[in-house]
Amino acid sequence: MSDTWIILGATSTIARVMARQLAEQGAHLVLAGRDMGDLERSASDCSARGAASAQAVAFDARDPESFEGALALAETAEGAVNVAVFVGSMPPQEDMDADPGLIAGVVTDSFTGPAAFLTRIAPLMEARGKGCVVGVGSVAGDRGRLGNYIYGAAKAGFHTYLSGLRNRLGRSGVHVVTVKPGTVDTAMTWGMEALPFLAPPEKVAGDILRAVEKKKNVLYTPFIWWPVMTVIKSIPEGVFKKLKI
Amino acid sequence: MRWKTDTYTGWGRVHGATGALARPERASALEALIAEEPAPAIGMRRSYGDACLAQDRRAVDMTRLDRVLEFDGETGALHVEAGARIGDLLAVFAPRGWLPPVMPGTGFATVGGGIAMDVHGKNHHHAGSFGQHVTEITLMTGAGPRVITPEADAALFKATVGGLGQTGPILSARFGLLKAKGDVMVVTERRVKDWEQFLTLLDGSDATYSVGWIDATARGPALGRGILEEGETGGGLIKPAKRSRKVPFDAPGFALAPPIVRAFNQAYWRRVPEAGRTSVKRIDDFFFPLDKIHDWNRLYGRQGFHQFQCVVPLDQADALRNMLVHIANSGFASPLAVLKRMGPGRGGFLSFPMEGYTLAVDFRNRPGAVKLINLLEGMTEQARGRLYLAKDALATTGRIRAMYPDHGAWLAEVLAIDPEGHFATDLTRRLKLRETT
Ligand SMILES: Cc1cc2nc3c(=O)[nH]c(=O)nc-3n(C[C@H](O)[C@H](O)[C@H](O)COP(=O)(O)OP(=O)(O)OC[C@H]3O[C@@H](n4cnc5c(N)ncnc54)[C@H](O)[C@@H]3O)c2cc1C
Ligand SMILES: NC(=O)c1ccc[n+]([C@@H]2O[C@H](COP(=O)([O-])OP(=O)(O)OC[C@H]3O[C@@H](n4cnc5c(N)ncnc54)[C@H](OP(=O)(O)O)[C@@H]3O)[C@@H](O)[C@H]2O)c1
């Protein structure tokens with residue numbers, strides 16, 4: 001019996017690549033997101049590549065009513081249910097500085113929306129006693145930086161939520177992986193200049209699936225971001241506040 | 001952000017461009033882009049020259065639109081996004097007994113690039129060109145997707161197949177996969193001692209897949225010696241692929257010096273026993289032998305290289321032999337030279353194939369080689385042959401017009417769909433392909 005993977009934000013570049021890799025392993029896939037036309041195309045792709053099943057379902061992190069579709073599919077799925085969260089949004093910091101009304105949306109997309117979904121599905125996962133949650137955060141959540149601290153704050157909130165969720169679900173055999181990607185070559189970063197260590201999405205998706213297999217708790221991908229962030233986190237606030245990195 | 005300024009090159013690395021690139025990941029993003037800021041589509045840039053370049057202008061990288069939209073396991077009918085790589089389709093479908101109908105020598109080429117160049121493969125003599133298998137194309141226009149078929153839109157279809165992307169971005173295409181006996185290849189290699197024997201063997205071969213490797217450095221009685229490879233699909237067990245390797249830096253100029261190339265070719269030829277041999281190969285090793293070494297184009301060093309590829313009619317085999325004499329005497333040839341017999345199959349107005357023999361030879365980019373290629377181009381024209389625009393970096397307008405008599409029919413369709421020239425590339429500009437006279 002194949003596992004089921006519910007992928008939130010399945011139109012994301014990294015999610016698409018990971019869904020493909022899961023399809024090749026014969027998983028059942030639920031591709032959840034806002035752009036149904038595009039999700040249908042990805043579902044066809046996954047089916048053709050060997051998924052046991054693949055279907056598109058509407059999901060908007062800002063609209064809790066839209067969670068029902070994916071939750072209903074989880075109920076009927078046989079075997080382990082896994083959830084991977086790729087939802088997130090990162091408008092330019094200047095836009096948010098000019099219009100603070102945007103902040104709530106970023107926090108909903110990157111933190112509270114996915115957290116609300118995960119909290120709703122948690123009892124089902126606990127009841128099954130297996131499966132895992134992959135939550136994609138960001139290295140941006142490790143420290144508030146001048147360039148994108150609202151997005152970073154939302155991701156930091158999500159990291160803390162995931163750490164608590166791991167603490168809770170681990171007791172019933174469900175594992176939670178926190179993923180902190182560095183910069184990835186996706187639609188989100190296309191056209192941004194001088195990105196250090198830009199990683200292909202295939203590499204990040206592969207790292208995530210390996211982390212799931214090995215039950216890693218926190219994954220920095222590519223790995224170089226672990227030492228980089230260790231250094232950045234260790235800079236005293238008095239010094240850090242003067243830096244522009 | 002939609003645009004990113006980048007510097008990129010064709011596969012031969014002689015021509016390059018700096019310009020704005022977009023890389024849409026979904027149909028709606030491509031649609032908005034073509035409506036607002038139309039630009040030519042490019043694929044994996046496996047064209048050698050400037051077909052995939054737009055200096056100081058915009059271009060649309062299609063490689064993230066690479067999904068399989070529909071596959072019928074009964075008939076093999078496939079619908080895919082145009083950025084899908086042909087080698088990826090092979091990897092997905094060969095284990096289930098289906099092969100892309102036509103595969104060029106690199107699996108990195110995309111379906112869009114395969115259509116826009118109407119590429120040919122080792123089965124051209126039986127199966128025709130890629131475009132001949134395509135039953136439907138979805139073009140992206142400023143007003144949304146437009147589906148065209150060979151029946152309902154005959155002229156536009158023929159202007160799109162082999163059409164260098166000038167009728168607009170291809171979003172997706174339908175074509176049939178071919179049923180294979182299994183996902184390994186049974187390959188027979190024969191040593192060929194000279195030119196005459198090569199032609200005789202090529203003419204007599206009825207293998208599904210065939211290709212000749214020619215030693216373009218051999219002279220005198222050995223002129224035209226090489227190896228004929230014939231392949232059929234089959235079933236069986238075989239070791240999984242080794243990891244691909246990468247060429248980490250540009251090779252120094254001497255790496256492909258004549259004595260080294262001669263020695264390599266000699267060894268490559270002798271590798272096959274005198275009596276020939278039959279072996280079982282991985283399917284991708286047979287179709288894409290060079291793909292195992294990533295970025296092998298860097299072996300030619302910083303100044304890049306040219307591939308000369310022509311086809312001449314069957315009755316002009318002697319002209320081709322003369323070209324080979326010039327090449328062998330020049331000492332400029334690289335190890336990679338291919339000789340193949342082509343069938344008449346071609347799908348578009350500007351398609352390369354014609355019934356005859358095709359020769360492809362690589363040359364490191366330097367003045368002597370450029371002069372030689374010029375000579376070879378003239379000989380091709382004399383022989384009523386044709387140069388391949390997927391490889392060309394040096395030809396002139398007049399020569400290409402003479403070789404492509406249907407240019408006018410192609411241009412009429414292109415001008416009707418893109419009168420302002422948004423989809424022009426460096427190649428169409430260099431060869432003035434979008435001008436009437
Ligand atoms: C090692 C090697 C071996 C090769 N062997 C063969 C062979 O055996 N037979 C053969 O025929 N060719 C061969 N080629 C050439 C290659 O197959 C063609 O150049 C092919 O077009 C490359 O595809 P691409 O995706 O890289 O396209 P690009 O090189 O990026 O673009 C080629 C053309 O297609 C257009 N184009 C690309 N995508 C689209 C799209 N989605 N919509 C509209 N237009 C588009 C571009 O505008 C351009 O005009 C070989 C090339 C290499 C490097
Ligand atoms: N790219 C990087 O360098 C990088 C680095 C660190 C972390 N990350 C994180 O990795 C994840 C994937 O990002 P990506 O790089 O692949 O970029 P992306 O393609 O822009 O992905 C963002 C995804 O979030 C979805 N989304 C946004 N708001 C939503 C909402 N309200 N409801 C439902 N879905 C919503 C988008 O869906 P639509 O298609 O509907 O817009 C899209 O699928 C994100 O969480 C991102 O923060 C990326």
Can you pull out the residues in the stretch A:195-245 that are open to solvent by less than 70 Å² (accessible area, probe 1.4 Å) and among the hydroxyl-bearing types (Ser, Thr, Tyr)?
-> A:220, A:221, A:230
Could you check the stretch B:14-126 for helices (runs of 4 or more DSSP H) lying wholly inside it with 2 or more residues that are within 14 Å of another protein chain (Cβ to nearest Cβ)?
-> B:27-36, B:86-93
Could you check the stretch A:1-114 for strands (runs of 3 or more DSSP E) lying wholly inside it with 1 or more residues that are more than 16 Å from ligand 1 (Cβ to nearest atom) and open to solvent by 40 Å² or more (accessible area, probe 1.4 Å)?
-> A:28-33, A:53-58
Just a yes or no: is a residue in the stretch A:165-180 within 14 Å of chain B (Cβ to nearest Cβ), free of Cβ contacts under 8 Å to residues at least 24 places away in the same chain and more than 10 Å from ligand 2 (Cβ to nearest atom)?
-> no
Look through B:94, B:84 and report the one residue that is out of contact with any strand residue (DSSP E or B) (no Cβ under 7 Å at 6 or more places or on another chain) and among the hydrophobic types (A, V, I, L, M, F, W, C).
-> B:94
Output yes when any residue across the stretch A:148-170 is in a loop (DSSP other than H, G, I, E, B), open to solvent by 10 Å² or more (accessible area, probe 1.4 Å), on the phi < 0 side of the Ramachandran plot and modelled with pLDDT of 95 or more, and no when none is.
-> no
Within the stretch A:174-209, considering residues that are part of a loop (DSSP other than H, G, I, E, B) and small (Gly, Ala, Ser), the one farthest from ligand 1 (Cβ to nearest atom) = A:182
State all residues of the stretch A:2-27 that are out of contact with any Asp or Glu (no Cβ under 8 Å at 6 or more places or on another chain), over 24 Å from residue A:113 (Cβ atoms) and facing another protein chain (nearest Cβ under 10 Å); if no residue qualifies, say none.
-> A:24
Evaluate the following for residue B:371: is it buried (at least 23 other Cβ atoms within 10 Å of the Cβ) and either charged (D, E, K, R) or in contact with a Pro (Cβ under 7 Å, 6 or more places away or on another chain) (or both)?
-> no
What are the residues in the stretch B:418-433 that are of a type outside the set (Asp, Glu) and in a loop (DSSP other than H, G, I, E, B), if any?
-> B:419, B:421, B:422, B:423, B:424, B:425, B:431, B:432, B:433
So which of B:344, B:353, B:367 ends up being touching a helix residue (DSSP H, G or I) at 6+ places or on another chain (Cβ under 7 Å) and in the same structural domain as residue B:312 (by TED's automatic domain parsing)?
-> B:353
Counting only residues that are assigned to a loop (DSSP other than H, G, I, E, B) and over 24 Å from the mean Cα position of the chain (by Cα), which one in the stretch B:264-292 is nearest to ligand 2 (Cβ to nearest atom)?
-> B:272
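The values are calculated or read from the model by the stated rules, or taken from the named source; none is laboratory data. These figures come from a predicted structure and were not determined experimentally. Glycine also receives a Cβ, built like all others from the backbone with ideal geometry; neighbour counts cover every protein chain displayed. The protein model used for the area step is the full one, side chains on, heavy atoms only, and it has no ligands, DNA or RNA in it. Shrake-Rupley method; radii C 1.70, N 1.55, O 1.52, S 1.80 Å.
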